[in-house]
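What follows draws every value from the coordinates through simple rules; no lab data is involved. Remember, predicted model here, so these are calculated numbers, not experimental data. Every residue, glycine among them, receives a Cβ derived from its backbone with ideal geometry; neighbour counts consider all protein chains shown.
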Amino acid sequence: MEEQKKGFTIWALARAADVSVETIRYYERRGLLERPPRPGEGYRRYPDEAVQRVRFIKQAQKLGFSLKEINELFLAGTAAETTCAEILKLTQRKITGVEEKIRELVAVRRALQELAGTCPGEGPLSFCPIWHYLKSHTEQETRAMDKRKVEVFTAGCPVCADLVDLVQKTACPHCEVTVYNLNEGQGVKEAEHYGITAVPSVVVDGKLLDCCRRAHVTEHDLKAAGIGQPN
């Protein structure tokens, strides 16, 4: 009874809430549980309501709520103007996310079932269709990651269109070309990040080409920047 009057040590809180001490500390780091001040001597003491708070977190996690979403629930629950409708809205948003995950899992199950149906379940690994499928897709993703990233920033004008045509003509299968029309609000943040002040401009693998500061960009300029060349 004495421990209840004074509160809980972190070990007692963990036992009472049926979690580990590391879980308590993790909740503190995530801002879900307030860390009590250290007294002059002895251990930190958590108030009695900390047990209910940790149990609330665990119950919400069992329903699929992330720690970020649980924090939203706490914020809503402590606001005087919060109504039942707002908690329902957060819950319905979670239901939508769960339904999307279910659709993804159903698609994964279907793909696995189709793969399993192609495998005879006997013979050497070199004849295994599942192994070959996974290996071939891994190689395709590796090749995709090796592609040169080419970004073209335009204003949708004829001069910009000519440069876009030149870039696409010069590019090879090892290039991944993205065209942004700034006048339509495309790539604005990217343009600011690269320091683009005039269009058309070309960025290759995150670097703005010096030749874009001139009035005319040539095919030679693009090839010198690696466009059309494998990495």
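Each 10 Å bin, from zero up to the one with the longest distance, holds this percent of the alpha carbon pairs of segment 166-216: 22, 57, 22. Here segment 146-224 carries DSSP beta bridges of which approximately 45% are antiparallel, counting only pairs with both residues inside. Pairwise Cα distances in segment 74-231 exceed 18 Å for 72 percent of all pairs.
Note on GLN92 and CYS211: their simple-model spin labels are 5.5 nm apart, each label 7 Å out from Cα toward Cβ. Taking every DSSP bridge with both residues inside the chain, close to 50 percent are antiparallel. Between ALA155, ALA16, ALA80, the GNM of the chain built on Cα springs shorter than 10 angstrom shows ALA80 fluctuating the most.
Applying 1/(1 + (r/R0)^6) with r as the Cβ-Cβ distance of GLU22 and THR218 and R0 = 41 angstrom yields a FRET efficiency of 0.10. Pairing the Cα long axis of helix 129-145 with the longest principal axis of the chain, what angle in degrees results, from 0 to 90 and rounded to the nearest 10? Result, in degrees: 70. Axis angle, to the nearest 10 degrees, between helix 158-170 and the longest C-alpha principal axis of the chain: 90 degrees.
Quickly estimate the mean residue ellipticity at 222 nm for the chain, helices only: each DSSP H run with n ≥ 4 gives -39500 (n - 2.57), and the total goes over all residues, rounded to 500. Intermediate results must be reported in sequence, preceding the final value.
Numbers: 10 runs with 126 residues, N = 231.
Only helices count here, giving -17000 deg cm²/dmol.
Greater than 31 Å separation of Cα atoms is the criterion. Which listed pairs, LYS58/LYS89; LYS6/LYS89; LYS169/LYS207; LYS94/LYS147; LYS101/LYS135, meet it? Can you show the working numbers first?
Numbers: LYS58/LYS89 20 Å; LYS6/LYS89 38 Å; LYS169/LYS207 20 Å; LYS94/LYS147 37 Å; LYS101/LYS135 26 Å.
Pairs exceeding 31 Å: LYS6/LYS89; LYS94/LYS147.
Between GLU176 and ASP48, what is the spin-label point distance in nm, taking each point 7 Å from the Cα along the Cα→C-beta axis? Those two pseudo-labels are separated by 5.8 nm. Model label sites at ALA80 and SER66, defined 7 Å from Cα along the beta-carbon direction, differ in position by 3.2 nm. Within the chain, which is the longest segment containing none of the GluC sites (Glu not before Pro) that sit in a DSSP loop and have at most 16 other Cβ atoms within 10 Å? It works out to 123-231. Compared with the dominant Cα axis of the chain, that is its longest principal axis, helix 67-78 is turned about 50°.
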